[in-house]
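See below for the structure under consideration.
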Amino acid sequence: MAFNYCPQCAQPLQAKVDEGVSRQACPDEACGYVHWDNPTPVVAAVVEHEGHIILARNRAWPMPFYALITGFLEKTDPSPEEAVAREVQEELNLQATGVNFIGHYVFPRLNQIIIAYHVPAQGEIMLNEELVDYKRIEPGKARYWPSSTGFALRDWLIRQGHAPQAMDLPKL
């Protein structure tokens, strides 16, 4: 999030180099506000359902983009593991039967840190209002997109003994 004015004293923010990093800061020394612009934590799930990987398409995305189930780590979530299980339940109506850490990945475009998990799940898929479609993909046929959550899918597939290939991303 970009700030133009100090949220504490309303002075116009100015660029300030702090420990070699340019940050927006309040010029009033008495105020001392610095906008650190830390990344937002997001959880992501490689959902495994009935032997397939589930990829979903968000209502806001253009065709043909499908991706992992993701959601913000909320301050009320007891842990990232419980947050990712909650997101799978909310978005797909599936119950997590396990939550296994894959890794963490940066998503610089949205200033996010992705905390990714493999989530085996059971139940009947019913999409919530955020999603408009989903795909079932056999793990051996899955390809990954060369960006944040795609790297999580790639890493999980490799651990399962597959040799996934990167897909070409369409130009928008």
Total residues in segment 53-80, condition more than 12 Å from residue 131 (Cα to Cα) and either open to solvent by less than 40 Å² (accessible area, probe 1.4 Å) or among the aliphatic types (A, V, I, L, M) (or both): 8
Mind counting the residues in segment 1-35 that are surrounded by fewer than 13 Cβ atoms within 10 Å (Cβ to Cβ), aliphatic (A, V, I, L, M) and within 32 Å of the chain's Cα centre (by Cα)? 5
Taking segment 87-119 and keeping residues outside any strand (DSSP E or B), open to solvent by 50 Å² or more (accessible area, probe 1.4 Å) and closer than 18 Å to residue 49 by Cα leaves 89, 90, 93, 97
Filtering segment 36-52 down to residues that are part of a loop (DSSP other than H, G, I, E, B) and open to solvent by less than 50 Å² (accessible area, probe 1.4 Å) yields 51
Residues of segment 120-139 classified as open to solvent by less than 60 Å² (accessible area, probe 1.4 Å) and out of contact with any strand residue (DSSP E or B) (no Cβ under 7 Å at 6 or more places or on another chain), total: 1
Condition (residue is of a type in the set (Gly, Ala, Ser), assigned to a loop (DSSP other than H, G, I, E, B), closer than 23 Å to residue 148 by Cα and out of contact with any Leu (no Cβ under 6 Å at 6 or more places or on another chain)) applied to segment 57-79: is it met by at least one residue? yes
Name the residues in segment 140-158 that are open to solvent by 80 Å² or more (accessible area, probe 1.4 Å) and in contact (Cβ under 8 Å) with a residue 12 or more places away in the chain, would you? 143
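The values are calculated or read from the model by the stated rules, or taken from the named source; none is laboratory data. The structure displayed is predicted, hence computed values, not measured ones. FYI the Cβ positions are ideal-geometry reconstructions off the backbone, even for glycines, and counts take in every protein chain you see. These area figures cover heavy atoms from the full protein model, side chains too; ligands, DNA and RNA do not enter into them. Shrake-Rupley method; radii C 1.70, N 1.55, O 1.52, S 1.80 Å.
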